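All remarks here apply to the structure that follows.
The values are calculated or read from the model by the stated rules, or taken from the named source; none is laboratory data. Note that this is a predicted model, so its numbers are computed, not measured. Backbone-built Cβ (ideal geometry, glycine too); neighbour counts: all protein chains shown.
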Amino acid sequence: MDLKLHFILLMGLLTSFLSVSCSLNGDSPGTTDIVDMRINHFRQTAVGEGQCLVYLVQEGGEIGANNWNFFYDEIEGFDYELGYIYTIKARKINIENPPADGSSLKYVLVSVSTKERVQDSETFDIHLKSYNENFVTQSENEFFLLNQYKIDCSNMCETLTEDLDTKEKVTGTFIHGPDESLLLQSITD
């Protein structure tokens, strides 16, 4: 009888501990918030489940700061166009029972507040190779960033090819070109 009582008390204590720890973990599954987000005019290379391009975002109180965070998720209903900085409202949904390798959050576009084109002369850096992960693909004599954006390397194509073959890290400085292309301005390690 005494052992049964201890077991019941232990189970009660364990249950209350688990419910408190889950509530400390953040919003409950299924909850929804409307969040303000700012999305930068270019995407950065990253490695998640594989090589990918991620949005650079600021959310809520971070909007207007100098720091941009990698955002691996998609925003359902959002039609992103390279070369524009967006301010949007999105529905942030906590997913119940997310897949083990997936996000516990889902974002759905509510509205686009602003869409501002950056100046043609605006430069930005993209990691073309990082820790031996090469994000540049080549077809014939053309270069692409993960098969999505054409890279116009102008008179630096040989240098780009050599650096991608021999260096551990390669960063390209770009400006936006026509048809969502990237115009390479310089290469650094």
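Here Gly48 clears all of (1) under 19 Å from Phe135 (Cα atoms); (2) at pLDDT 95 or above except the condition numbered (2). Summed over the stretch 122-152, residues that are over 19 Å from the mean Cα position of the chain (by Cα) and either farther than 21 Å from Lys169 by Cβ or surrounded by fewer than 15 Cβ atoms within 10 Å (Cβ to Cβ) (or both) total 11.
Scanning the stretch 40-70 for residues that are in a strand (DSSP E or B) and over 17 Å from Ser113 (Cβ atoms) yields Gln44, Thr45, Ala46, Val47, Gln51, Cys52, Leu53, Val54, Leu56, Asn69, Phe70. Listed by position, the strands (runs of 3 or more DSSP E) inside the stretch 83-135 whose residues that are of a type in the set (A, V, I, L, M, F, W, C), under 19 Å from Cys153 (Cβ atoms) and in contact (Cβ under 8 Å) with a residue 40 or more places away in the chain number at least 3 are 124-130. In this structure, is Asn94 surrounded by fewer than 16 Cβ atoms within 10 Å (Cβ to Cβ) and of a type outside the set (Ser, Thr, Tyr)? No; evaluated as a whole, the condition is false for this residue.
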